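To keep things clear, I will list the structure first and then write my remarks on it.
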Amino acid sequence: MEFRIANANDTKAVENLWAYCFETKEDPFFQYYFSKAYEPEHTMVGYDGNLLTSMVHLRQYTLNVRGALVPVSYMVGVATDPVARRGGIGGQLLTASLEELKKRGQGITILMPSKAAFYQQYGWELYAHQWVQTLSLEELRPLTDKTLHFGLLQSEDEWTKLAPIYEAYTEGLSGYAVRGEKEWRRLLGSFFAEGVRVAYVQTEDGQIEGYAVYRLGAEEIPVTEFVYTTRRGQKGLLNYLYNHRSQGSSIRWNEGIQDESYIFHPNGKAGHTTMPYMMSRIVDVPTAMATVPVYIDAHWANQAGVVDGKTYTFTLGVKDAMATWNEGTYEVTIHGDGHVDAVKTADEVKADVQVVSEVGALSLILMGRMTASELLFEGKVCGEKAVIAMLNRVYPKQKTYINEWW
């Protein structure tokens with residue numbers, strides 16, 4: 001097997017494998033993706049002789065993690081030709097991709113799993129879930145607000161109407177994608193190519209309070225992005241969708257798991273589930289820890305173990321069976337200005353390290369999905385109580401969110 005970054009000569013084979021595993025070539029998204037979004041320079045391919053057996057597309061994103069802007073590759077379109085399945089090629093492809101991302105200086109990668117268990121064995125863990133709400137359109141009525149006016153986005157040029165709402169909705173969250181003009185145009189371009197609609201609600205004076213991305217054509221109306229700045233905005237969007245009773249019988253919408261409006265649903269026993277959404281993995285331990293800042297509070301200088309009010313040092317053992325360069329012992333120094341240095345001191349996990357973590361668990365700590373204590377309970381982390389307590393302090397739990405589909 002040969003794994004490498006794709007070039008222009010691979011495009012036809014990449015298209016054929018995508019069409020076999022995902023959308024056909026006649027599908028609107030396929031046509032949009034390969035005409036406007038496909039980037040061979042960000043695609044890892046695996047060849048057995050002249051046969052393209054596997055591929056993964058490394059979409060370039062910037063995430064906001066604990067307030068820091070972190071460059072990541074979002075792995076999508078992971079595919080293996082049926083003739084090569086069940087032979088371990090998927091794992092080899094992922095390893096080659098991690099090696100490539102390490103060369104590029106990226107510390108973290110993400111992916112949306114079809115089956116989380118496949119990736120968990122390789123060190124990925126789920127850092128973001130979503131609520132999925134499903135109600136009949138008739139049941140929406142008590143959840144609606146009729147005071148806002150409706151609008152429908154007409155072109156990519158109107159991305160500026162949505163951007164402030166998205167920024168307000170994600171403020172204070174961790175793990176979400178940062179969207180500038182390029183990202184908005186790419187996203188809206190794919191929506192319009194597929195016939196997906198974007199509605200927004202606004203006040204009399206034109207102040208937009210929310211938007212919803214939805215598709216018509218089936219009895220159940222799917223809403224794949226549901227973003228708002230006020231509860232009134234959310235209810236206004238539900239009112240807009242309630243008005244589609246002649247075009248469907250039910251609605252299914254995704255939203256951030258941090259929203260707790262389900263508490264006030266009149267029928268809370270039905271239609272409310274969680275959806276495993278996004279996984280993260282550490283590509284390179286020192287880079288990941290240097291990229292994500294820690295939280296330093298006003299009492300930091302007075303904590304036990306902090307030297308001269310400035311630094312705290314401990315030893316960390318990391319277990320990583322796939323990205324073997326991560327396996328080993330590190331001296332980790334937390335600085336009072338919020339940055340972290342992790343220096344590898346051994347290629348094995350020494351018996352006297354103060355904390356031992358699986359690589360997937362360390363990713364969850366950095367992203368903010370779980371605390372060190374929670375992972376201690378899960379058996380993913382072990383170590384000295386004082387160091388675990390310090391990790392809880394400098395890596396407090398965050399509200400994690402992301403809603404990128406490709």
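The values are calculated or read from the model by the stated rules, or taken from the named source; none is laboratory data. Note that the structure is a prediction, hence the values are computed from the model and not measured. Here the Cβ positions follow ideal geometry from the backbone for every residue, glycine too, while neighbour counts run over all protein chains shown. For accessibility, only protein heavy atoms count, side chains too; no ligands or nucleic acids. Shrake-Rupley method; radii C 1.70, N 1.55, O 1.52, S 1.80 Å.
Listed here are the residues, each with its yes/no results for (1) under 24 Å from Phe192 (Cα atoms); (2) in a strand (DSSP E or B).
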{"residue": "Asp10", "(1), (2)": "no, no"}
{"residue": "Ala13", "(1), (2)": "no, no"}
{"residue": "Leu17", "(1), (2)": "no, no"}
{"residue": "Lys25", "(1), (2)": "yes, no"}
{"residue": "Tyr32", "(1), (2)": "yes, no"}
{"residue": "Glu41", "(1), (2)": "no, no"}
{"residue": "Tyr47", "(1), (2)": "no, yes"}
{"residue": "Leu52", "(1), (2)": "no, yes"}
{"residue": "Met55", "(1), (2)": "no, yes"}
Within the range 290-309, track down each residue that is assigned to a loop (DSSP other than H, G, I, E, B) and more than 33 Å from the chain's Cα centre (by Cα).
Gln303, Ala304, Gly305, Val306, Asp308, Gly309
Inter-residue pairs, beta-carbon under 7 Å, first over 17 Å from Ala386 (Cβ atoms) and in the range 294-319, second part of a loop (DSSP other than H, G, I, E, B) and open to solvent by 50 Å² or more (accessible area, probe 1.4 Å), 6+ apart
Val318/Glu327; Lys319/Glu327
What number of residues within the range 201-226 are open to solvent by 10 Å² or more (accessible area, probe 1.4 Å), of a type outside the set (D, E, K, R) and either modelled with pLDDT under 95 or farther than 16 Å from Gly189 by Cα (or both)?
9
First in the range 106-118 and over 13 Å from Trp405 (Cβ atoms) and aliphatic (A, V, I, L, M), second anywhere and open to solvent by 20 Å² or more (accessible area, probe 1.4 Å) and part of a strand (DSSP E or B), Cβ under 7 Å, 6 or more apart
Ala116/Leu126; Ala116/Pro276
Note on Ile263: of the conditions (1) open to solvent by 20 Å² or more (accessible area, probe 1.4 Å); (2) farther than 30 Å from Leu364 by Cβ; (3) over 24 Å from the mean Cα position of the chain (by Cα), unmet is (2)
Residue check: is Gly189 open to solvent by less than 20 Å² (accessible area, probe 1.4 Å), in contact with a helix residue (DSSP H, G or I) (Cβ under 6 Å, 6 or more places away or on another chain), in contact (Cβ under 8 Å) with a residue 60 or more places away in the chain and closer than 30 Å to Thr371 by Cα?
no
Among (1) over 24 Å from Gly360 (Cβ atoms); (2) buried (at least 18 other Cβ atoms within 10 Å of the Cβ), which single condition is Arg141 missing?
(2)
Can you go through Ala128, Ala163 and tell me which one is modelled with pLDDT of 95 or more, open to solvent by less than 50 Å² (accessible area, probe 1.4 Å) and under 30 Å from Met322 (Cα atoms)?
Ala128
Residue pairs meeting the criteria (Cβ under 7 Å; at least 6 apart or on separate chains; first within 19 Å of Leu98 (Cα to Cα) and open to solvent by less than 50 Å² (accessible area, probe 1.4 Å), in the range 1-12; second part of a helix (DSSP H, G or I) and of a type in the set (Val, Ile, Thr)):
Ala6/Val14
Looking only at the range 195-204, decide whether some residue is touching an Asp or Glu at 6+ places or on another chain (Cβ under 8 Å), closer than 23 Å to Trp159 by Cβ and part of a loop (DSSP other than H, G, I, E, B).
yes
Read through the list (1) on the phi > 0 side of the Ramachandran plot; (2) of a type in the set (Gly, Ala, Ser); (3) modelled with pLDDT of 95 or more, then give the number of the only condition that Gly271 fails.
(3)
Between Val353, Val318, which is open to solvent by less than 70 Å² (accessible area, probe 1.4 Å), among the β-branched types (Val, Ile, Thr), at negative phi and in contact with an Asp or Glu (Cβ under 9 Å, 6 or more places away or on another chain)?
Val318
Answer with yes or no whether Arg369 is surrounded by 15 or more Cβ atoms within 10 Å (Cβ to Cβ), in contact with a Ser or Thr (Cβ under 7 Å, 6 or more places away or on another chain) and either touching a residue at least 24 places away in the same chain (Cβ under 8 Å) or over 21 Å from Ile296 (Cα atoms) (or both).
yes
Among the numbered criteria (1) under 23 Å from Ser190 (Cβ atoms); (2) within 27 Å of the chain's Cα centre (by Cα); (3) open to solvent by 10 Å² or more (accessible area, probe 1.4 Å), which single criterion is violated by Ala68?
(1)
Hey, does the range 92-107 have a residue that's touching a helix residue (DSSP H, G or I) at 6+ places or on another chain (Cβ under 6 Å), more than 29 Å from Asp284 (Cβ to Cβ) and open to solvent by less than 30 Å² (accessible area, probe 1.4 Å)?
no
